[in-house]
Amino acid sequence: MLQSEKEGKSPEEYVEYWNKRDSEDFAAFDIDFDIFYKTSSKENNEFVQDVFTKLNAAGHIYESDVVQFYCNNDKKFLPDRYVKGICPYCKAEDQYSDLCEKCGRVPEEIENPKCSICGQTPVKEKTKHYFYKLKNFSDQLSKWLEKNENLQKDVKKYVQNWIKTGLVDWDISRDISWGVPIPLDDAKGKVFYGWFDNHLAYISTALKFLNDKGINGKKFWNSADIYHFIGK
């Protein structure tokens, strides 16, 4: 969304352009897909909202006030890459607030923050966000990891140690206009954080593919062993 604003395009235009470009690039290498879809699809919007509703009903979601950067010039909150500044660890300049590309660490508080859009210094404002209680699944994840014999030993150990130190509740909401809307009456103008709905898109896309072929997608997915091959 940030890049689309810099290029003067709407998020929809930007997504459509790159979706088409990616499809053409794959075709140029004779790479064909059973289904080539996107996270902004109607199916993924509905699926993500349904998952959230069920998590909320089960007590795995809560709301809390957070303090975020806000740009008075652009009249908007500035999440993640909407803020650039100096990394507090390695002192590299022109780094995003959610990741320093120089040292690879995530800054707790970026130094000399600037709005990525207009370059002005933002202020801090309070806003309401929604959190996913990851710690509620610590025991379930630990048991699954213990029984899993397919993971590399070092990877398994890394994740197990991560769980032992305590999973941190995850802020899954953002104050931006592009994304999957949070289906709550008091969440107007808020959408899900991209990394919450992006992963669910693998499932919603598979369900669409299967359902379009007359196969019960949910039944098939829940009874199958799933392997993800992800390259970037």
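The values are calculated or read from the model by the stated rules, or taken from the named source; none is laboratory data. What you are looking at is a predicted structure, and each value in this text was computed from that prediction instead of being measured. So basically every Cβ, Gly included, is an ideal-geometry build from the backbone, and we count neighbours across all protein chains shown.
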Q: Those residues that are of a type in the set (Phe, Trp, Tyr) and either under 16 Å from Gly179 (Cα atoms) or touching a Phe, Trp or Tyr at 6+ places or on another chain (Cβ under 7 Å) (or both), I need them from segment 3-18; list them, please.
A: Tyr14
Q. Do we have any residue at all in segment 43-61 that's modelled with pLDDT of 90 or more and part of a strand (DSSP E or B)?
A. yes
Q. Asp186 is checked against (1) in a helix (DSSP H, G or I); (2) within 17 Å of Val48 (Cβ to Cβ) and fails just one. What number does that condition carry?
A. (2)
Q. Quick check: anything in segment 171-182 of a type outside the set (Gly, Ala, Ser) and free of Cβ contacts under 8 Å to residues at least 24 places away in the same chain?
A. no
Q: Please go through segment 207-225 and pick out each residue that is at pLDDT 95 or above and among the small types (Gly, Ala, Ser).
A: Gly214, Gly217, Ser223
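Quick one: which of Phe52, Phe26 is within 16 Å of the chain's Cα centre (by Cα) and of a type in the set (Phe, Trp, Tyr)?
Phe52
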Q: Name every residue in segment 131-173 that is among the charged types (D, E, K, R), within 21 Å of Phe196 (Cα to Cα) and touching a helix residue (DSSP H, G or I) at 6+ places or on another chain (Cβ under 8 Å), in order of residue number.
A: Asp169
**Q.** Residues of segment 19-47 satisfying the condition of being more than 21 Å from Trp178 (Cβ to Cβ) and loosely packed, with under 12 Cβ neighbours inside 10 Å
**A.** Glu24, Asp25, Ala28, Phe29, Asp30, Ile31, Asp32, Phe33, Asp34, Ile35
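Restrict the check to segment 68-82 and report whether at least one residue is in contact with a Pro (Cβ under 8 Å, 6 or more places away or on another chain), over 17 Å from His129 (Cβ atoms) and in a strand (DSSP E or B).
At the first step, the residues of segment 68-82 found to be in contact with a Pro (Cβ under 8 Å, 6 or more places away or on another chain) are 68-72, 78.
Right, trim to over 17 Å from His129 (Cβ atoms) and you get 71-72.
Those still in the list that are in a strand (DSSP E or B) too: 71.
Yes.
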**Q.** Enumeration of residues in segment 100-138 that are closer than 24 Å to Leu167 by Cβ and free of Cβ contacts under 8 Å to residues at least 12 places away in the same chain
**A.** Gly104, Val106
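Restricting the search to segment 194-206, which residues are of a type outside the set (Gly, Ala, Ser), touching a residue at least 40 places away in the same chain (Cβ under 8 Å) and under 23 Å from Gln140 (Cβ atoms)?
Pass one, segment 194-206, residues of a type outside the set (Gly, Ala, Ser): 195-200, 202-203, 205.
Going one step further and asking which of them are touching a residue at least 40 places away in the same chain (Cβ under 8 Å), we end up with 196-198, 200, 203, 205.
Scanning segment 194-206 gives Phe196, Asp197, Asn198, Leu200, Ile203.
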Q. Is there a residue being closer than 18 Å to Ser40 by Cβ, among the small types (Gly, Ala, Ser) and surrounded by fewer than 16 Cβ atoms within 10 Å (Cβ to Cβ) anywhere in segment 187-195?
A. yes
Q.
Given the criterion surrounded by 15 or more Cβ atoms within 10 Å (Cβ to Cβ) and part of a helix (DSSP H, G or I), identify the matching residue among Leu167, Leu145.
A. Leu145
Q.
Restricting to segment 74-86, count the residues that are of a type outside the set (A, V, I, L, M) and either touching a Ser or Thr at 6+ places or on another chain (Cβ under 7 Å) or at pLDDT 95 or above (or both).
A. 6
